[in-house]
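These notes are about the structure you will find just below.
The values are calculated or read from the model by the stated rules, or taken from the named source; none is laboratory data. Note that the structure is a prediction, hence the values are computed from the model and not measured. So basically every Cβ, Gly included, is an ideal-geometry build from the backbone, and we count neighbours across all protein chains shown. Calculation scope for accessible area: heavy atoms of the full protein, side chains included, ligands and nucleic acids excluded. Shrake-Rupley method; radii C 1.70, N 1.55, O 1.52, S 1.80 Å.
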Amino acid sequence: MSTGGGAQGAVVLVAGAGSPSGVAVCTALTAAGARVIAVGSSGPRLEAALGHLTDIDLRTCDLADAGEVRSLASNLQEAYGGVDGLIHLVGGWRGGNGIGGQSDEDWDFLERNILRTLRNVSRSFYGQLAASGRGRLAIVSSTAVDSPTAGGAGYAAAKAAADAWVRALAHGFQKDQPGRKAHPVPLHSAAVVFVVKALVDEGMRRENPERAYPGYTDVDRLAAAAVDLFEQPADRLNGRRISLIPAG
């Protein structure tokens, strides 16, 4: 754990690091001087996606298993003195066929990946983030929260719950920071929600070269926003829903 400004020297855990968005975020944070802990469920997938990066710590963990996450948090506390950042990119989409078509299997998938993983990692790492001189937590949410459809009801509900959880974390950072009740000291930890319609990467563009992807957010834009979190004051960030949807 570090206390300096910017991402330089910050210890940042990226959950869901083997995904295209995870690779982009890990790459950008590493380039900015952060010490990245890349966490995923598959060691070979992490190695294939991120093994080319130097000075990156690849960790496998079932983030839906609270016990495994607690062990990871304890290990990183011992190894690094705690983390300064948590970028949660675990998710996925399920839905279709209206309200009656929202299956229990789809809901179990959404609750496990979107909400349970977030709840586990944020609870286990909350103390480390709150103690950091530049603690940052971010998730990626969706425009579906504000404009839910019948076919995507489960997805929108899970994303809305994740949004609410992060805003509660933001309240916690503001309330629990030592000294803030007695003295007007600056807030130093923040939780934010990045809002996108959907994400797109170069692999998707290569597979569908004729598709325009209107309103989609490039994973590199998400990565730049993750780095920028460490450049902005916590008071300016905490509790915000930040749109990453491109104009036009």
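Some values worked out for this structure:
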| quantity | calculated |
| --- | --- |
| Which numbered condition Thr149 misses (of (1) of a type outside the set (D, E, K, R); (2) in a helix (DSSP H, G or I); (3) open to solvent by 50 Å² or more (accessible area, probe 1.4 Å)) | (2) |
| Hey, Gly172 closer than 19 Å to Val121 by Cβ and either more than 14 Å from the chain's Cα centre (by Cα) or open to solvent by 30 Å² or more (accessible area, probe 1.4 Å) (or both) or not | yes |
| Some residue of the range 228-248 being among the hydroxyl-bearing types (Ser, Thr, Tyr), under 27 Å from Asp84 (Cβ atoms), open to solvent by less than 60 Å² (accessible area, probe 1.4 Å) and not in a helix (DSSP H, G or I) | no |
| Given (1) under 30 Å from Val36 (Cβ atoms); (2) outside any loop (DSSP other than H, G, I, E, B), number of the condition Asp106 does not satisfy | (1) |
| Within the range 109-137, considering residues that are aliphatic (A, V, I, L, M) and in a helix (DSSP H, G or I), the one most open to solvent (accessible area, probe 1.4 Å) | Ala131 |
| Subset of the range 181-227 (residues that are part of a helix (DSSP H, G or I) and within 24 Å of Arg136 (Cβ to Cβ)) | Val219, Asp220, Arg221, Leu222, Ala223, Ala224, Ala225, Ala226, Val227 |
| Selected residue [among the small types (Gly, Ala, Ser), at pLDDT below 95 and either over 14 Å from Arg123 (Cα atoms) or open to solvent by 30 Å² or more (accessible area, probe 1.4 Å) (or both)] from Gly81, Gly33, Gly51, Gly40 | Gly51 |
| Criterion (more than 13 Å from the chain's Cα centre (by Cα), modelled with pLDDT of 95 or more and among the polar types (S, T, N, Q)) met by exactly one of Thr149, Thr117 | Thr149 |
